[in-house]
Amino acid sequence: MKKILFNTPLQKKKYFDNVKKLLNSKKSLHGPGRNIFQIKKDLKKQYGFNHVHLTNSCTAAMEMCALMINLKKNDEVLMPSYNYNTTASSFVRTGCKVRYCDIDKKNLMPTFDHIKRNVNKKTKVIVIIHMQGLPVDYLGDLQNYCKSKKIILIEDAAPALGSYVKNKPAGSYGDFACFSFHETKNYQSGMGGLLVVNNKKFKRKSDLVFDKGTDRTLVVSDPNYHKKYYSWVEIGSCFRLPELNASFLQPQIKDIDGVIKYRSNLYKRYLKNFNGWLTDEFTICNKMTHKYKYNYHAFTIILKRREREKFLKYLKKNNIIAFISFEALHLSKIGKNFLTKKTKLENTDEIIKKIVRLPMHNQLTIKEVDFICKKVKEYFNS
Ligand SMILES: Cc1ncc(COP(=O)(O)O)c(C=O)c1O
């Protein structure tokens, strides 16, 4: 059996052809051009996202949020410690504090109670992470809770495009939602991201922050705008996704349903192979017991014992590359600075060394999934 990779970026001939089309047209590689406009149109039609910016990463989208909200020194942003570091650093670099909350051991996301227990007068923002593309099922209640407390809700939906909670897509609950088109995600532009601005109050500001803090877009596109020349009007930066990268991504947006369908078959095969088997050794993070649409971004297991290194080494010896996902922020060199005496992260501490993600991508085959499951079973049987 050849090496089974953990991830292979989505690549089809028609995506490369679309890049060639742009290059041959000699049109602007910076944009915005046909591809960026088309992606925005498709996202609006498919998910109802009305005000969006295609950014050069999910990190860039989160940094835009932090710049727009403009917090003070003692203001707090609440988020789980089991999380990607730039979700925290985007805020920390503007001078405010982050506060960590714990997660549920089963789905690796905070319960509503974990969140509420950590909210205080200083809490100005809550960032909820859609772990491996799967949102928590209380998103609607969280949205109402944040509204009632005048707290800004941000969905870190990095890998979650195409997932739903109830009948609403991930990305439509927060004041803002940030997605990634990094090549480790289901749909990709090498690097890339998307900021969805749902809170009307921030729409105009987001246009300015996005465009290097200038009103260039308004000067160029709005004939009624009162200025002829653009100038520096907000603190912003260069957050844009180039049209060149967008040309690779644009045809993928039309393929989202097909990509998800393919992954769902792999995911269901994993579940079928592991069904009722050796629950003493590991649990499956998302057994699909809820009824909402999932984009099948990742297949994650949580080992019962602390033997991850040995397990990963065994898989590698059998040509299977698995992955550990990210480390908890409170254990990192920079992240530990935001621990307080009251921070309780018992669940995070217990399971952080037991999480393993098995291969999941659009070039993986059912035969390979069967092989992976066979090898995993052999490991725990020996
Ligand atoms: C939860 C989460 N947030 C943010 C990011 C950052 O995404 P990007 O690489 O597009 O900046 C990632 C990347 O994997 C992520 O998993």
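Please determine, by comparing only the residues of segment 216-244 that are in a loop (DSSP other than H, G, I, E, B) and in contact with a strand residue (DSSP E or B) (Cβ under 9 Å, 6 or more places away or on another chain), which one is surrounded by the fewest Cβ atoms within 10 Å (Cβ to Cβ).
Ser231
Does any residue of segment 75-94 turn out to be within 30 Å of Lys344 (Cβ to Cβ), in contact with a His (Cβ under 6 Å, 6 or more places away or on another chain), within 15 Å of the ligand (Cβ to nearest atom) and polar (S, T, N, Q)?
Looking for residues that are within 30 Å of Lys344 (Cβ to Cβ), in contact with a His (Cβ under 6 Å, 6 or more places away or on another chain), within 15 Å of the ligand (Cβ to nearest atom) and polar (S, T, N, Q), one finds at least one in segment 75-94, hence yes.
Test of understanding: among Ser189, Ser206, which residue is touching a helix residue (DSSP H, G or I) at 6+ places or on another chain (Cβ under 8 Å), outside any loop (DSSP other than H, G, I, E, B) and either over 17 Å from Met62 (Cα atoms) or not aliphatic (A, V, I, L, M) (or both)?
Ser206
Looking at Thr343, Thr348, which one is in contact with a His (Cβ under 8 Å, 6 or more places away or on another chain), touching a residue at least 12 places away in the same chain (Cβ under 8 Å) and in a loop (DSSP other than H, G, I, E, B)?
Thr343 is the lone residue from the list that is in contact with a His (Cβ under 8 Å, 6 or more places away or on another chain), touching a residue at least 12 places away in the same chain (Cβ under 8 Å) and in a loop (DSSP other than H, G, I, E, B).
Name, by its number, the condition in (1) at positive phi; (2) within 16 Å of the ligand (Cβ to nearest atom) that does not hold for Lys150.
Looking at each condition in turn, Lys150 falls short on (2).
Checking Asp175 against (1) within 25 Å of Phe338 (Cα to Cα); (2) within 16 Å of the ligand (Cβ to nearest atom); (3) under 18 Å from the mean Cα position of the chain (by Cα), only one condition comes out false. Which one?
(2)
Check every one of the helices (runs of 4 or more DSSP H) wholly within segment 1-104 and list those with 3 or more residues that are surrounded by fewer than 20 Cβ atoms within 10 Å (Cβ to Cβ).
13-25, 34-47, 85-92
Does Asn286 satisfy being within 16 Å of the ligand (Cβ to nearest atom), surrounded by 19 or more Cβ atoms within 10 Å (Cβ to Cβ) and either charged (D, E, K, R) or modelled with pLDDT of 95 or more (or both)?
So Asn286 fails the test.
Look through Lys293, Lys354, Lys287 and report the one residue that is in contact with a strand residue (DSSP E or B) (Cβ under 8 Å, 6 or more places away or on another chain) and closer than 30 Å to Pro169 by Cβ. Reasoning before the result, please.
Working: Lys354 fails: closer than 30 Å to Pro169 by Cβ; Lys287 fails: in contact with a strand residue (DSSP E or B) (Cβ under 8 Å, 6 or more places away or on another chain).
Among Lys293, Lys354, Lys287, only Lys293 is in contact with a strand residue (DSSP E or B) (Cβ under 8 Å, 6 or more places away or on another chain) and closer than 30 Å to Pro169 by Cβ.
Might you let me know whether segment 109-118 holds any residue that is away from the ligand (no atom under 12 Å from the Cβ), under 23 Å from Ser206 (Cβ atoms) and within 19 Å of the chain's Cα centre (by Cα)? Before you say what the answer is, go through the steps one by one.
Residues of segment 109-118 that are away from the ligand (no atom under 12 Å from the Cβ), as a first pass: 110-118.
Filter once more, so that each one left must be under 23 Å from Ser206 (Cβ atoms): none.
Looking for residues that are away from the ligand (no atom under 12 Å from the Cβ), under 23 Å from Ser206 (Cβ atoms) and within 19 Å of the chain's Cα centre (by Cα), one finds none in segment 109-118, hence no.
Output yes when any residue across segment 369-380 is within 25 Å of the chain's Cα centre (by Cα), surrounded by 19 or more Cβ atoms within 10 Å (Cβ to Cβ) and within 16 Å of the ligand (Cβ to nearest atom), and no when none is. Show your work before the answer.
First pass over segment 369-380, keeping only residues within 25 Å of the chain's Cα centre (by Cα): 369.
Narrowing further to those that are surrounded by 19 or more Cβ atoms within 10 Å (Cβ to Cβ): 369.
This time we only want the ones that are within 16 Å of the ligand (Cβ to nearest atom), so: none.
The answer is no; no qualifying residue exists.
Yes/no matrix, rows are residues, columns are (1) within 16 Å of the ligand (Cβ to nearest atom); (2) touching a His at 6+ places or on another chain (Cβ under 9 Å):
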{"position": "Leu5", "(1), (2)": "no, yes"}
{"position": "Gln11", "(1), (2)": "no, no"}
{"position": "Asp17", "(1), (2)": "no, no"}
{"position": "Ala61", "(1), (2)": "yes, yes"}
{"position": "Ala66", "(1), (2)": "yes, no"}
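Would you tally the residues in segment 175-203 being among the hydroxyl-bearing types (Ser, Thr, Tyr) and in contact with a Ser or Thr (Cβ under 8 Å, 6 or more places away or on another chain)?
Step one: list which residues in segment 175-203 are among the hydroxyl-bearing types (Ser, Thr, Tyr), which gives 180, 184, 187, 189.
Going one step further and asking which of them are in contact with a Ser or Thr (Cβ under 8 Å, 6 or more places away or on another chain), we end up with 180.
Residues in segment 175-203 being among the hydroxyl-bearing types (Ser, Thr, Tyr) and in contact with a Ser or Thr (Cβ under 8 Å, 6 or more places away or on another chain): 1 in total.
Would you please list the contacts, defined by Cβ atoms under 6 Å and residues six or more apart or on different chains, that run from a residue in segment 107-119 that is of a type in the set (A, V, I, L, M) to a residue that is surrounded by 14 or more Cβ atoms within 10 Å (Cβ to Cβ) and part of a helix (DSSP H, G or I)?
Leu108/Met131; Met109/Met131
Determine which single condition Leu142 fails, assuming it passes every other condition in (1) within 16 Å of the ligand (Cβ to nearest atom); (2) assigned to a helix (DSSP H, G or I); (3) not hydroxyl-bearing (Ser, Thr, Tyr).
Leu142 satisfies all of (1) within 16 Å of the ligand (Cβ to nearest atom); (2) assigned to a helix (DSSP H, G or I); (3) not hydroxyl-bearing (Ser, Thr, Tyr) except (1).
The values are calculated or read from the model by the stated rules, or taken from the named source; none is laboratory data. All values derive from a computational prediction rather than experimental measurement. Ideal geometry is used to build each Cβ from the backbone, glycine not excepted, and the neighbour counts take in all protein chains shown.
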